[in-house]
Amino acid sequence: MEKIIGREIKNLHQILTRRFYKYTKKYVGEDATLMQTWILGYIYQTQPKEIFQKDIEREFELAKSTTTSILKLMERKELIVRKSVDYDDRLKQITLTDKGRDIMFAMWDNIIKSDIKLIQGIDKEKLDIFYEVLDQVKANAEKEVM
């Protein structure tokens, strides 16, 4: 059967999602979503830089309404807080709560180990090419009108 890139990406996504949910459920809870965990990781990895909703929208290519819903849920779970900044009343800086920070501290080692396993046996040159091709596929997908 001929390989179709969209199917291959979807299959890889499914494999990674199943593996990652093991850690997510253990640390974040049964009702955790993968996106909540990715957002926690993004905030954790980016601190102490200020992070706002638009940064998360851009990083994960999410709609504003989707991001708002996710962040509200994360606030209710006490994983993040959104607080006003002195220089612009419209902006709300997003930071991890102690609970969110503790979860990411516990998970981060597993995330790094998983990433190392994913690229095991792949030469740096091939990995660089992979990322270059992946960036081009993403750019092409963004241009595509279905």
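The values are calculated or read from the model by the stated rules, or taken from the named source; none is laboratory data. Since the structure is predicted, the reported quantities are computational estimates derived from the model, not experimental observations. Cβ atoms come from the backbone with ideal geometry, glycine included; neighbour counts cover every protein chain shown. These area figures cover heavy atoms from the full protein model, side chains too; ligands, DNA and RNA do not enter into them. Shrake-Rupley method; radii C 1.70, N 1.55, O 1.52, S 1.80 Å.
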Filtered residues of region 65-85 (kept if surrounded by fewer than 13 Cβ atoms within 10 Å (Cβ to Cβ) and either outside any helix (DSSP H, G or I) or modelled with pLDDT under 90 (or both)): 78, 83, 84, 85
Residue count, region 5-56 (criterion: open to solvent by less than 60 Å² (accessible area, probe 1.4 Å) and either on the phi > 0 side of the Ramachandran plot or assigned to a loop (DSSP other than H, G, I, E, B) (or both)): 6
Which numbered condition residue 108 misses (of (1) open to solvent by 30 Å² or more (accessible area, probe 1.4 Å); (2) out of contact with any Gly (no Cβ under 8 Å at 6 or more places or on another chain); (3) on the phi < 0 side of the Ramachandran plot): (2)
Residue within region 102-109 that is over 27 Å from residue 53 (Cβ atoms) and assigned to a helix (DSSP H, G or I) present: yes
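Yes/no matrix, rows are residues, columns are (1) modelled with pLDDT under 95; (2) surrounded by 10 or more Cβ atoms within 10 Å (Cβ to Cβ); (3) of a type in the set (S, T, N, Q); (4) under 17 Å from the mean Cα position of the chain (by Cα):
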residue: 62; (1), (2), (3), (4): yes, yes, no, yes
residue: 87; (1), (2), (3), (4): yes, no, no, no
residue: 92; (1), (2), (3), (4): yes, yes, no, no
residue: 101; (1), (2), (3), (4): yes, yes, no, yes
residue: 122; (1), (2), (3), (4): no, yes, no, no
residue: 125; (1), (2), (3), (4): no, no, no, no
residue: 141; (1), (2), (3), (4): yes, yes, no, no
